[in-house]
Amino acid sequence: DVVMTQTPVSLSVAIGQPASISCKSSQSLVGTSGKTYLNWLLQRPGQSPKRLIYLVSKLDSGIPDRFSGSGSETDFTLKISRVEADDLGVYYCLQGTHFPYTFGAGTKLELK
Amino acid sequence: EVQLVESGGGLVQPGASLKLSCVASGFTFSDYWMSWVRQTPGKTMEWIGDIKYDGSYTNYAPSLKNRFTISRDNAKSTLYLQMSNVRSEDTATYYCTTTAFAYWGQGTLVTVSS
C-alpha cells in the first residue's frame, strides 16, 4: 500500500498568519493517465470530511483562494495564506491513484 | 444539492453481520462510482472500496475484501455495505462518498462489542 506521511501532526497558528502542511507518498502518485490523484480534505470538529483540493492543486467550488495545493510525484503541500477561524480542524491528504486508496494520518490546525 | 444519508449503524456483537445503506439525492446516482470510507475512534481514515456506476465492478481494500461487500440499487439511488463476521476493530464511523471523494455523507457509527 502507498504510505502517506503528513507533517506536522499539529499546527498552532494565529488568525491572519500562513500555514503549511506537507504530505509525502511512498511512491509516485502519477497515474497511467498522467494525472496525479492527490486530494486534501478538511474535517471540522463534529463534521464529516470535506474535499478542498483535488488533482494536487484544483480548488473545489466554494473553497476560498486562501487555500492552495502544490507538488508532484511524491511530495505535496497544502498552504493557507491567511488562516481564519473557520479553517480549524483536521486536514487529511488522500491518494486516489493506487489501490487501495490511502490517507495521511491528519494534521490538526488549532488557533494560537 | 448533493446529499448522502447513511443508516444502519449501531451496536453489534462480534461475529455478526450488518448492512449499511446510503441514500443519495441531488445528482444522477447511476452515473457515478461510489466509495465507502471508515474512520476509527482514533480518527484514522481507511478506504474500504468502491463500485462502478452500473454495479458491474468493485474494488476493495485487500484487508477487508473477504468480509465486506459493496453493492448498489440505482433504481433506489442507494449504496450498500454488507459487513460480515465483524470484529472489534471494525468499530468506526462509516461514510459513503461520491467519485473522487467530492461529497461525503454524515456517517453512521458502528460499534462492535459484546
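Which of the residues that make up region A:86-111 are within 13 Å of A:Lys50 (Cα to Cα), assigned to a strand (DSSP E or B) and not hydroxyl-bearing (Ser, Thr, Tyr)?
Answer for region A:86-111, where residues must be within 13 Å of A:Lys50 (Cα to Cα), assigned to a strand (DSSP E or B) and not hydroxyl-bearing (Ser, Thr, Tyr): A:Gly89, A:Val90, A:Cys93, A:Leu94.
Just to check your reading of the model, which residue among B:Ser56, B:Ser35, B:Ser77 is touching a Ser or Thr at 6+ places or on another chain (Cβ under 6 Å), over 19 Å from B:Gly15 (Cβ atoms), hydroxyl-bearing (Ser, Thr, Tyr) and modelled with pLDDT of 95 or more? So that I can check it myself, show each step before the final result.
Working: B:Ser56 fails: touching a Ser or Thr at 6+ places or on another chain (Cβ under 6 Å); B:Ser77 fails: touching a Ser or Thr at 6+ places or on another chain (Cβ under 6 Å).
Just a single option satisfies the conditions, and that option is B:Ser35.
Take residues that are in contact with a strand residue (DSSP E or B) (Cβ under 8 Å, 6 or more places away or on another chain) and more than 12 Å from chain B (Cβ to nearest Cβ) and tell me which of the strands (runs of 3 or more DSSP E) falling wholly in region A:1-48 contain 1 or more.
On the way: elements: A:4-7, A:10-13, A:19-25, A:38-43.
By residue number, A:4-7, A:10-13, A:19-25.
Just give me the residues in region A:82-101 being open to solvent by less than 20 Å² (accessible area, probe 1.4 Å), more than 20 Å from A:Arg66 (Cα to Cα) and more than 7 Å from every other protein chain (Cβ to nearest Cβ), in sequence order.
Result: A:Gln95, single match.
Please find, among A:Lys112, A:Lys108, A:Lys79, the residue that is at the interface with chain B (Cβ under 10 Å from one of its Cβ atoms), in contact with a strand residue (DSSP E or B) (Cβ under 8 Å, 6 or more places away or on another chain) and open to solvent by 50 Å² or more (accessible area, probe 1.4 Å). I'd like the intermediate steps shown before the answer.
Numbers: A:Lys112 fails: at the interface with chain B (Cβ under 10 Å from one of its Cβ atoms); A:Lys79 fails: at the interface with chain B (Cβ under 10 Å from one of its Cβ atoms).
The conditions single out A:Lys108.
Find all pairs meeting these conditions: Cβ atoms under 9 angstrom apart; at least six residues apart or on different chains; first residue within region A:80-94 and more than 16 Å from A:Leu59 (Cβ to Cβ); second residue of a type in the set (S, T, N, Q) and part of a loop (DSSP other than H, G, I, E, B).
A:Val83/A:Gln17; A:Gly89/A:Gln47
Please note which strands (runs of 3 or more DSSP E) are completely contained in region B:35-114 and include at least 2 residues that are surrounded by fewer than 19 Cβ atoms within 10 Å (Cβ to Cβ) and more than 14 Å from chain A (Cβ to nearest Cβ). Before the answer, list the steps.
Working: elements: B:45-51, B:58-60, B:68-73, B:78-83, B:92-98, B:108-112.
Strands (runs of 3 or more DSSP E) meeting the threshold: B:68-73, B:78-83.
Those residues that are surrounded by 13 or more Cβ atoms within 10 Å (Cβ to Cβ) and of a type outside the set (Ser, Thr, Tyr), I need them from region B:20-31; list them, please. Quick ask: steps written out before the conclusion?
Narrowing region B:20-31 to residues surrounded by 13 or more Cβ atoms within 10 Å (Cβ to Cβ): B:20-24, B:27, B:29-30.
Result: B:Leu20, B:Cys22, B:Val23, B:Ala24, B:Phe27, B:Phe29.
The values are calculated or read from the model by the stated rules, or taken from the named source; none is laboratory data. Because the structure is predicted, anything quoted here is derived from the model rather than measured. Virtual Cβ from ideal backbone geometry, glycine too; neighbours counted across all protein chains shown. For accessibility, only protein heavy atoms count, side chains too; no ligands or nucleic acids. Shrake-Rupley method; radii C 1.70, N 1.55, O 1.52, S 1.80 Å.
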